[in-house]
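Okay, structure first, notes after.
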Amino acid sequence: MAYIITRLCRDCVDTGCVAVCPVDCIYRYHGSDTAQFPNQLYIHPDECIDCGACEPECPWQAIYEEEATPAVFHDDIQLNYAMVDKAADFKVAPHEKIPHPTADQVAENKKKWGFSS
């Protein structure tokens, strides 16, 4: 089991999770099929060591343990696994410090994707 980055990361792409990942298993897509792999970060499921360091670092609350991923985001589990077959199109995401979202922005993002916690 791995950690999963859900669509709550989509177009937000805060890389705080990258800074704390001890095995550099968080990637960004650099290929041309952005319909299949939208603008978000991805955790390589075969490289993830399940340490959980990334989860609390995500200000968008987009990262879940695979077995705890909310039902509304179950498609995102397969999306993270799909990156394995296209690994050449992914690069380890560099850490870039950006302003964190407000609580209201996080809540609005969750609402946009049909999730209320």
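The values are calculated or read from the model by the stated rules, or taken from the named source; none is laboratory data. Keep in mind the model is a prediction, meaning the values are calculated, not measured. Using ideal geometry, Cβ is built from the backbone for each residue, glycine included, and neighbour counts are taken over all protein chains shown.
Answer with yes or no whether residue 87 is modelled with pLDDT under 95 and assigned to a helix (DSSP H, G or I). It is true that residue 87 is modelled with pLDDT under 95 and assigned to a helix (DSSP H, G or I).
Looking at segment 61-74, is at least one residue in a strand (DSSP E or B), surrounded by fewer than 16 Cβ atoms within 10 Å (Cβ to Cβ) and not β-branched (Val, Ile, Thr)? Yes, because at least one residue in segment 61-74 is in a strand (DSSP E or B), surrounded by fewer than 16 Cβ atoms within 10 Å (Cβ to Cβ) and not β-branched (Val, Ile, Thr). With respect to residue 84, is the statement that it is farther than 19 Å from residue 14 by Cα, β-branched (Val, Ile, Thr) and exposed (fewer than 14 other Cβ atoms within 10 Å of the Cβ) true? Yes: the conditions hold for residue 84. Contact map, segment 18-29: residues that are small (Gly, Ala, Ser) paired with residues that are surrounded by fewer than 16 Cβ atoms within 10 Å (Cβ to Cβ) and at pLDDT below 95, Cβ distance under 6 Å, separation 6+ or inter-chain. Pairs shown: 19/95.
Within segment 92-101, identify whether any single residue is of a type in the set (D, E, K, R), within 14 Å of residue 2 (Cα to Cα) and either under 12 Å from the mean Cα position of the chain (by Cα) or exposed (fewer than 13 other Cβ atoms within 10 Å of the Cβ) (or both), and answer yes or no. No, segment 92-101 contains no residue that is of a type in the set (D, E, K, R), within 14 Å of residue 2 (Cα to Cα) and either under 12 Å from the mean Cα position of the chain (by Cα) or exposed (fewer than 13 other Cβ atoms within 10 Å of the Cβ) (or both).
The single condition among (1) of a type in the set (A, V, I, L, M); (2) farther than 28 Å from residue 102 by Cβ; (3) part of a helix (DSSP H, G or I) that residue 35 does not meet is (3).
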